Amino acid sequence: MLNTMLQAATGMAQFGGAVGAGLAAIGAGIGIGLIGKGAVESIARQPEASGDIRANMILTAALIEGVALFAVIAGLLAVLSK
Amino acid sequence: MLNTMLQAATGMAQFGGAVGAGLAAIGAGIGIGLIGKGAVESIARQPEASGDIRANMILTAALIEGVALFAVIAGLLAVLSK
Amino acid sequence: MLNTMLQAATGMAQFGGAVGAGLAAIGAGIGIGLIGKGAVESIARQPEASGDIRANMILTAALIEGVALFAVIAGLLAVLSK
Amino acid sequence: MLNTMLQAATGMAQFGGAVGAGLAAIGAGIGIGLIGKGAVESIARQPEASGDIRANMILTAALIEGVALFAVIAGLLAVLSK
Amino acid sequence: MLNTMLQAATGMAQFGGAVGAGLAAIGAGIGIGLIGKGAVESIARQPEASGDIRANMILTAALIEGVALFAVIAGLLAVLSK
């Protein structure tokens, strides 16, 4: 009985961890998607500003990537918790 | 009784793992979709900037792909958990 | 009693697996839909850039397809779980 | 019995922590995504205002990053709670 | 028995605290994102009004930041509650 309820708790944690990681991937997808779309369209409009656009694109995409990977790791910790 | 409640916990974890993997696929779909749409439209508008656009497209798409695959693997771990 | 609770747990896992696979299909549908829409419109505007547009279209669609198939397989594993 | 209900409580906390971290990543993704999209498009329209645009972009993105990282850490504390 | 039910209550509180902090980060992300996007686009259209735009941008972003940080701290207190 003891071990089984412990397992039930682990099931709940794994449930939340996987869903949380999925939500973080949605955030990263929408955010970096918007930036990438804007960047390629901007390069098409102003090809000579390409280096400046790429620098800003990488900077903001890296900020989103950092938070999203942090949240995915939080979800992974919940999945792998005993 | 013990084994069955253990199975119930596993069922909950598998439920969350599959839903989490699906959510991650939504994120990757929207994000890479926006980037791909912007890229092909930009190439149509400015065909001579094609190499630069493709480089930026692959860079941002790879960032999204990384987070999404990470989240899908978190979901897969929850599905395969005992 | 034991077998019935085991069946309930399997039902929960199958429920989540089917929903997760459906969510992944939504992601692939929206993403590849955006890319395909952009590609055919771009070819209509600039028919001579058709080969370049097709290459980029296939590349981004394949990235989405990879994540979505991975998530569908995670859902399938949850459905087939004992 | 005592330890197992304690574990059940931990499972609930881990569930919420992972989902909360995922929600925070959605917020950061949408917010920084909007800013980054606006910034690269603005640089394409007015390349000579690039330094001023970048300063404002970093300022607002840092504000969002601060709140989101704070919320992810709150989720991580819930995941790691005993 | 008393202590364990107390622990179950703590799990519930941590669940709500982490989710609440995540929701606050979504609010801050969307809000500051809209402001930042509008600001950089406005500077691109009217570069000589840059100082005035920046002052208003910081003022409104700080208002959102204040509320969001307050809510994240409320969530953090719920996570750290004994």
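FYI, it's all coordinate maths here, none of it is from the lab. Remember, it's a predicted structure, so these values are computed and weren't measured experimentally. Counting neighbours? That spans all protein chains shown, and the Cβs are built from the backbone with ideal geometry, glycine included.
For the reader, a short list of remarks on this structure follows.
- Under 13 Å, Cβ to Cβ, from D:Glu65 - net charge with Lys/Arg +1 and Asp/Glu -1: -2
- Rounded to the nearest 20, the size of the Cβ-charge dipole of the protein assembly as shown about its Cα centre is 1080 debye, with Lys and Arg at +1 and Asp and Glu at -1.
- Centroid-to-centroid separation of segment D:26-78 and segment B:28-82 [C-alpha atoms, Å]: 20
- With respect to chain E, whose longest principal axis is taken over its alpha-carbon atoms, helix E:2-45 is tilted by about 0°.
- Environment charge of D:Gly51, counting only residues whose C-beta is closer than 14 Å and scoring Lys/Arg +1, Asp/Glu -1: -1
- Percent of C-alpha pairs per 10 Å bin in segment C:1-81, short distances first: 18, 31, 22, 15, 9, 4, 1.
- Placing +1 on the Cβ of every Lys and Arg and -1 on the Cβ of every Asp and Glu, with nothing else charged, gives chain A a dipole about its Cα centre of roughly 220 debye.
- Most mobile listed residue (A:Gly51, A:Gly11, A:Gly36) in chain A, GNM with C-alpha springs under 10 Å: A:Gly51
- By the equivalent-ellipsoid construction on the alpha carbon gyration tensor, the protein assembly as shown comes out with semi-axes of 41, 27, 11 Å, ordered largest to smallest.
- Over chain D: helical MRE at 222 nm, DSSP H runs n ≥ 4 each giving -39500 (n - 2.57), nearest 500: -33500 deg cm²/dmol
- Top of D:Ala13, D:Ala71, D:Ala21 by mean-square fluctuation, Gaussian network on chain D, Cα under 10 Å: D:Ala13
- For segment C:2-80, the relative contact order works out to 57 percent when only alpha carbon pairs closer than 8 Å and six or more residues apart are counted.
- Compared with the dominant principal axis of the Cα atoms in chain D, helix D:50-80 is inclined by about 0°.
- For D:Ala55, the point set 7 Å out from Cα toward Cβ sits 1.5, 1.5, 2.9, 4.2 nm from its twins in the other copies, listed from shortest up.
- Applying the criteria of a DSSP loop state and at most 14 other Cβ atoms within 10 Å to the GluC sites (Glu not before Pro) of segment B:24-73 yields no site.
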